[in-house]
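The values are calculated or read from the model by the stated rules, or taken from the named source; none is laboratory data. Since the structure is predicted, the reported quantities are computational estimates derived from the model, not experimental observations. Here Cβ is always computed from backbone atoms with ideal geometry, including for glycine, and neighbour counts include all displayed protein chains. Just so you know, the surface numbers come from the protein's heavy atoms only, side chains and all, with ligands and any DNA or RNA stripped out. Shrake-Rupley method; radii C 1.70, N 1.55, O 1.52, S 1.80 Å.
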Amino acid sequence: MANPTSPFTKEQLLPQEEMLEISKQKGELYIGLPKEIYFQEKRICLTPDAVGAVVANGHRVLVERGAGLEAGFSDKEYSESGAELTNDTKKVFGCPIILKVEPPTIEELKMINPKTVLISALQLKTRQKEYFKTLQRKKITALAFEFIKDEDHSYPAVKALSEIAGTASVLIAAELMVNAKKGKGLLFGNISGVPPIEVVVIGAGTVGQYAVRSALGLGANVKVFDSSITRLRQLQSNVGCTLYTSTIQPKNLLKALRRCDVAIGAVRGKNRSPIIVTEDLVEKMKEGAVIIDVSVDMGGCFETTQMTTHDSPTHITHGVIHYGVPNIPARYPRTASISISNIFTPYLLEIAESGGLEQAIRFDQGLKCGLYFYRGILTNEQVGNLFDMPYSDLNLLMF
C-alpha cells in the first residue's frame, strides 16, 4: 500500500500549543488638533465638550490656538475642557494621532513624524500622487472618515454632512429668491391665498431626503426624481407623507422644471455626477428660478453649473440663478463641527479601550474600511487603481 499523502508537514501534524487571545489593554492617546488652513474651511473635528470627554478618560489633546474660532469655539473653552494649547504648529503635527477635517497639504505632511496615525477626510478626486508617496515614505497609518462604515453599513460621516447639505440647500434657496440679483422676491411658506413655492429635488439619497423634509416643513410643493424606485419608496416612507415621486423621465422632468421656482441637484456618480439637466432644459426654466447643485464637487448634475465660492456663491445663466459652492456644510461650521465631533468621539474612545488603532480595527470592521494606508503600505484598491500604485490586502498585513 502506498504511503498516504498530506498537504501538511510532519511537524505541522504534531499536537500544537493552544493559542489564547490576548486581552485588550487600554491605551493612552495623544491627539493633535491643528488649525485648518484650507480655503474657507472653518470646521474642527472635536468640540470643547468632546475634548472634555476624551481628557476625562485619561487622554491628552493638543489644540493649536485659534483652531476652533471660526466654528465659534474659543481657546478658553478648549483650555477649560482640559486641552493643552500651543502656537507651535509643528508641535501639534508632532502628536502620535493627528485629527483634521481637510486632508493635510504636502507642507503639513512634512511636519508629521514617521509612523503617525492620521485621521482626516481624503477627498480622493483632489489628491495628487505625491500625497500618497509622502505617506508611504513616512510609514504613516491613515484613516479617511468618508470610508468609515457604521453598524448598518452606511457611512456616518458622509451621512451627517449630507443631512446638513440637504437642509441647507433649501435655506440657501429661500435666501437667494429674496436677496440675489434677479431674485423673484418669493417667500418659502404656505401663506393663505398665495400659491406655494414649487420645488424639484433630483436625487432621493440622504441630501435629497433632508432637502424634501425642509421644503415640506416650509410649506412648499415638492417633486422628487430619482432613477431608483427603491430609493423613492424609502424617501416617501421616511418623510412620512405622500408626495410626487417619479423616475427620471425627460417628459416629466421637463414639465416639473418649467413650473418650479427651486431645483436642487443631489445625484452622485462613481467618478462624476451624471448630467441630468442639460442646458436646453435650463433655458426653458422660469426667469429668476434658483438652482442649488449640491453635487457640484463631482461635476454637478446641471450642465450650466459653475463651481463658485462662499464669498461669491452665485452666477446667472439663461436668467436662472445658480448656486455652485462645493462645500455647503462649511457655511455652517458650528453645526458641522458638532456633527463631526459626535461621530469621532466614540471612535477615539473605542481606539483607546482597544489599546490602539491596530487593535481597534481587528474588532471593528467599519473602522477597518476607513483605513487606506497601514504603516506606509497602501491598502485601498480604489486609490491604487486611480494612481497606478501597488496596494496590499490589509488582512494579509495584520495577524
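Things to note:
- Cα pair distances of the range 300-340 binned at 5 Å [whole percent]: 5, 24, 24, 18, 14, 10, 5, 1
- Principal axes of the range 281-355: Cα extent on each, largest first, Å: 59, 21, 16
- Shape box of the range 359-399 [Cα atoms, principal axes, largest first, Å]: 30, 18, 13
- With contacts taken as Cα pairs under 8 Å and at least 6 residues apart, the chain reaches a relative contact order of 17 percent.
- Only alpha carbons enter this Debye calculation for the range 148-262, each as an equal point scatterer, and the log10 of I(q)/I(0) it gives at q = 0.12, 0.15 Å⁻¹ is -0.45, -0.69.
- What separates the Cα centres of the range 141-158 and the range 321-386 is a distance of 5 Å.
- Share of alpha-carbon pairs per 10 Å distance bin for the range 85-198, given as whole %: 11, 29, 21, 18, 13, 7, 1
- Under 5 Å, built H, 5+ apart or other chain: amide partners of residue 378: 392
- Under the criterion of Cα pairs below 8 Å and six or more residues apart, the relative contact order for the range 107-182 equals 26 percent.
- Comparing 278, 116, 89 in a Gaussian network model of the chain (Cα springs below 10 Å), the most mobile by mean-square fluctuation is 278.
- Gaussian network model of the chain, springs between alpha carbon atoms under 10 Å - residue of 126, 86, 105 with greatest fluctuation: 126
- Coordinate range of the alpha-carbon atoms in the range 195-330 per principal axis, descending: 37, 33, 27 Å.
- Here the Gaussian network model covers the chain, with springs between Cα atoms less than 10 Å apart; of 310, 153, 59, 153 fluctuates the most.
- The chain, helix-only ellipticity at 222 nm - DSSP H runs n ≥ 4, -39,500 (n - 2.57), divided by all residues, nearest 500: -10500 deg cm²/dmol
- When the P(r) of the range 258-399 is calculated, the portion above 23 Å amounts to 57% of the C-alpha pairs.
- Across the range 192-209, rounded Karplus estimates of 3J(HN,Hα) from the backbone phi angles (6.51 cos²θ - 1.76 cosθ + 1.60, θ = phi - 60°) give 4, x, 10, x, x, 5, 9, 10, 10, 10, 9, x, 10, x, 5, 4, x, 4 Hz, Gly and Pro being marked x.
- Here the 3J(HN,Hα) profile of the range 338-351, calculated from phi with Karplus coefficients 6.51, -1.76 and 1.60 at θ = phi - 60°, is 5, 5, 5, 4, 4, 7, 6, 4, x, 5, 5, 5, 5, 4 Hz, Gly and Pro shown as x.
- With the convex hull drawn over the C-alpha atoms of the chain, the volume per residue is 206 Å³.
- One Cα centroid belongs to the range 227-306, the other to the range 202-225; the line between them spans 11 Å.
- For the chain, the longest site-free run once GluC sites (Glu not before Pro) in DSSP loop states with at most 12 other Cβ atoms within 10 Å are removed: 152-286
- Solvent exposure of the chain amounts to 50 Å² per residue of accessible area, where only protein heavy atoms count and the probe is 1.4 Å.
- Computed from backbone phi with θ = phi - 60° and the Karplus coefficients 6.51, -1.76 and 1.60, the 3J(HN,Hα) list for the range 164-179 is 5, 4, x, 5, 5, 4, 6, 5, 5, 4, 4, 6, 5, 5, 9, 9 Hz; x is used for glycine and proline.
- Length added when fully stretched, residue 312-residue 150, from 0.36 nm per residue minus Cα-Cα: 54.7 nm
- Pairwise FRET efficiency - residue 194 versus residue 133, Cβ, R0 = 45 Å, nearest 0.05: 0.15
- The range 330-395: radius of gyration over Cα atoms, expressed as a fraction of 2.2 N^0.38 Å: 1.38
- Counting DSSP beta bridges with both ends in the chain, the antiparallel % (nearest 5): 20 percent
- Percent carbon-and-sulfur accessible area, the range 40-122, ignoring ligands, DNA and RNA, probe 1.4 Å: 47 percent
- Measuring nothing but how far apart in sequence close Cα pairs (under 8 Å, 6+ apart) lie, relative to its length, the range 337-396 scores a relative contact order of 16 percent.
- Translational diffusion coefficient (Stokes-Einstein; Kirkwood radius from C-alpha pairs) of the range 141-197 at 10 °C, 1.306 mPa s, in µm²/s: 111 µm²/s
- In this structure, the residue pairs whose Cα-Cα separation is over 32 Å, taken from 129/182; 125/286; 42/368; 100/181, are 129/182; 125/286; 100/181.
- Distribution of pairwise C-alpha distances over the range 241-306, 5 Å bins, in %: 4, 17, 27, 26, 17, 7, 2
- Going by accessible surface with a 1.4 Å probe and the largest first, 311, 280, 75 read 311, 280, 75.
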